[in-house]
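Before any comments, here is the structure.
The values are calculated or read from the model by the stated rules, or taken from the named source; none is laboratory data. Note that the structure is a prediction, hence the values are computed from the model and not measured. Virtual Cβ from ideal backbone geometry, glycine too; neighbours counted across all protein chains shown. Keep in mind that these areas ignore ligands, DNA and RNA; they rest on the heavy atoms of the full protein, side chains included. Shrake-Rupley method; radii C 1.70, N 1.55, O 1.52, S 1.80 Å.
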Amino acid sequence: MARQERAVRTRRAVLEAAAAVFAEHGYTAATVADILRTAGVTKGALYFHFDSKESLARGVLEVQTDQVLPPRDIKLQEVVDLAMTVAHRLRNDPLLRAGARLSADPAGRRQYGSAWPLWVEVLSGVMGEAHRRGETLAHVIPAEVAELLVSSFNGVQLYSQLENGLSDVEHRVSVLLKHLLPSIASPAVLMRLDVAEDRGARVLAEVTQSEAQGQVPVSA
């Protein structure tokens, strides 16, 4: 068991090191040597878990949607919470920043893929449930809205990254949601949604508190 736990920790350390390097340098400029130095592991340990730089990029992308959030009475609030927690985490989580950079790389993504389809799948599921509950306007097609949200979010975060180093990304995502949601949510639901720019920080604090108390939130 101890050996298995060490292997899990090593794999995570390598993945986080790869994310830090990819986030800073991009896929093309990143080297396995850079990742080894950052991770502080041997080449053998790295290649035990990942056989190439390409597989490291795939590993980073595969964990983009791993965040577990508390369920809400209003499913559209879960959509908001996903967007706002990702916006908050982008500022200090290399895994998410790397995922955003890798997914937006026109050349690299042909080799290792993109996290965008994963996010569309997650949001389509939540939007579909919101639609079945009558939280959305009648014309809403959940899969289309999910794609719109993912593409709009990535445009906003890229703008924030280039203009202000992500310092205002939560504000910009909050503004995006305030303008998009009136065309998606029913009026009764819209007035109950919390889209404040500090929403992500508050939700993640709630998650941290639940984990400290030994509670496991249900995934949104």
Selection over segment 92-110 where residues are over 18 Å from Leu15 (Cα atoms) and in contact (Cβ under 8 Å) with a residue 60 or more places away in the chain yields a count of 2
Looking at segment 154-167, is at least one residue charged (D, E, K, R), at pLDDT 95 or above and part of a loop (DSSP other than H, G, I, E, B)?
-> no
Taking the condition touching a Pro at 6+ places or on another chain (Cβ under 7 Å), open to solvent by 30 Å² or more (accessible area, probe 1.4 Å) and within 21 Å of Ile74 (Cβ to Cβ), does Glu144 pass?
no
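For segment 131-148, name all the residues that are without any contact (Cβ under 8 Å) to a residue 60 or more places away in the chain, in a loop (DSSP other than H, G, I, E, B) and not small (Gly, Ala, Ser).
Residues of segment 131-148 that are without any contact (Cβ under 8 Å) to a residue 60 or more places away in the chain, as a first pass: 131-134, 137-148.
So of that shortlist, the ones also in a loop (DSSP other than H, G, I, E, B) come out as 133-134, 137-141.
The answer is Arg133, Leu137, His139, Val140, Ile141.
Could you tell me which of the residues Thr85, Thr28 is touching a residue at least 12 places away in the same chain (Cβ under 8 Å), part of a helix (DSSP H, G or I), open to solvent by 50 Å² or more (accessible area, probe 1.4 Å) and not charged (D, E, K, R)?
Working: Thr85 fails: open to solvent by 50 Å² or more (accessible area, probe 1.4 Å).
It is Thr28.
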Pairs returned, first residue in segment 187-203 that is at pLDDT below 95, second residue that is open to solvent by 30 Å² or more (accessible area, probe 1.4 Å), beta-carbon separation under 9 angstrom, 6 or more apart or interchain, are none
Picked from segment 44-74 (must be farther than 20 Å from Arg11 by Cβ and open to solvent by less than 30 Å² (accessible area, probe 1.4 Å)), the residue farthest from the chain's Cα centre (by Cα) is Ile74
Scanning segment 121-130 residue by residue, those surrounded by 20 or more Cβ atoms within 10 Å (Cβ to Cβ) and either over 18 Å from the mean Cα position of the chain (by Cα) or in a loop (DSSP other than H, G, I, E, B) (or both) turn out to be Ala130
**Prompt:** With respect to Leu181, is the statement that it is open to solvent by 60 Å² or more (accessible area, probe 1.4 Å) and part of a helix (DSSP H, G or I) true?
**Reply:** no
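Just for segment 148-178: of the residues that are of a type in the set (D, E, K, R) and closer than 24 Å to Pro94 by Cα, which one is most open to solvent (accessible area, probe 1.4 Å)?
The extreme case among them is Glu163.
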Counting only residues in segment 97-120 that are of a type in the set (A, V, I, L, M, F, W, C) and open to solvent by 10 Å² or more (accessible area, probe 1.4 Å), the one nearest to Ala185 (Cα to Cα) is identified as Val120
